[in-house]
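A.B. asks: Take this structure first; my questions come after.
We did not get these values from a lab; they are worked out from the coordinates using the rules stated. This is a predicted model, so every value here is computed, not measured. In this analysis, Cβ positions are derived from the backbone assuming ideal geometry, glycine residues included, and neighbour counts consider all displayed protein chains.
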Amino acid sequence: MAGVEGGDSGRGYSLLLDDQLCFALYAASRAVTQRYRPLLEELGLTYPQYLVLLVLWEHGSVPIKGIGAALQLDHGTLTPLIKRLETAGLVRRERRPDDERTVLVGLTDLGHELRGRAGVVPAAIGDAMGLSAADRGEAMRILRTLVAHVSAPDPPARSTEGGHAHVGDAQRVVG
């Protein structure tokens, strides 16, 4: 098909679907999320709820704003997630005594207990991915760099020097 590879500008880009990194990321994200689904259904969780619990299991009570920053979710998306977790008896919300404007989210006893049952999830997903520890680390490094670059107000020009940016980890965002 003539002209399909147009718009390349000599930089290695094309309009072929198989050449689209964004599509590969999209397909990988969907496949991984599908793999999570049956594991999380056994726990009574959705993937976004699981992510909220991961933040709380790691950091304890966290302001809603901190959870949103760690998960890159806005308040309007996060609030219904937290309400559903609260209705399920897994988390509780309370205003911070020294600052009534700040709502802390913490785990209930049931939320703490769920952590033990959820412990099989990371290994099951890791096994399904079939990556070595080195490949997993490299994938994380590349994805964090990608997120940092495309999230920046002015994404950097393509470099051939291999410089690496890093996304702030949840510890810095939440802590």
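A.B. asks: Given charges of +1 on the Cβ of Lys and Arg and -1 on the Cβ of Asp and Glu, with all other atoms neutral, how large is the dipole of region 24-146 about its Cα centre, in debye to the nearest 20? Walk me through the numbers before you get to the answer.
C.D. replies: Details: 16 positive and 14 negative charges, 50 e Å.
Value, rounded to 20: 240 debye.
A.B. asks: With the Cα gyration tensor of region 25-155 giving a ≥ b ≥ c as the square roots of its eigenvalues, does the rule (a/c under 1.5 for rounded; else a/b larger than b/c for prolate; else oblate) give rounded, prolate or oblate?
C.D. replies: Working: a/c = 2.13, a/b = 1.29, b/c = 1.65.
Oblate, since a/c reaches 1.5 and b/c is not below a/b.
A.B. asks: How far apart, in nm, are two points set 7 Å out from the Cα along the Cα-to-Cβ line at M129 and at L21?
C.D. replies: 1.8
A.B. asks: If each of A28 and E42 carries a label point 7 Å out from its Cα toward its Cβ, how far apart are those two points in nm?
C.D. replies: That separation, rounded to one decimal, is 2.6 nm.
A.B. asks: State the Cα centre-to-centre distance between region 115-147 and region 28-66 in whole Å.
C.D. replies: 14
A.B. asks: Also, I was wondering about something else. Hey, with R₀ at 25 Å, roughly what FRET efficiency would A139 and E113 work out to, going by the Cβ-Cβ distance, to 0.05?
C.D. replies: On the way: r = 32 Å, r/R0 = 1.26.
Approximately 0.20, to the nearest 0.05.
A.B. asks: For a quick protection proxy, order the peptides 106-113, 15-22, 42-49 by their average other-Cβ count within 10 Å, most packed first.
C.D. replies: Working: 106-113: 14.5, 15-22: 10.4, 42-49: 16.0.
Highest-to-lowest ranking by the protection proxy: 42-49, 106-113, 15-22.
A.B. asks: Sorted from fewest to most neighbouring beta carbons within 10 Å, what does the list I142, I64, I82 look like? Display every interim value, and only then the final one.
C.D. replies: Details: I142 11, I64 18, I82 21.
Going from sparsest to densest Cβ surroundings: I142, I64, I82.
A.B. asks: Note down the magnitude of the dipole of region 46-118 about its Cα centre, charges +1 on Lys and Arg C-beta and -1 on Asp and Glu C-beta and zero elsewhere, to the nearest 20 debye.
C.D. replies: On the way: 10 positive and 9 negative charges, 31 e Å.
Charge dipole, region 46-118, about its Cα centre: 160 debye, nearest 20.
A.B. asks: Work out the FRET efficiency for V150 and E94 from their Cβ-Cβ distance, taking R0 = 45 Å, and round it to the nearest 0.05.
C.D. replies: 0.80
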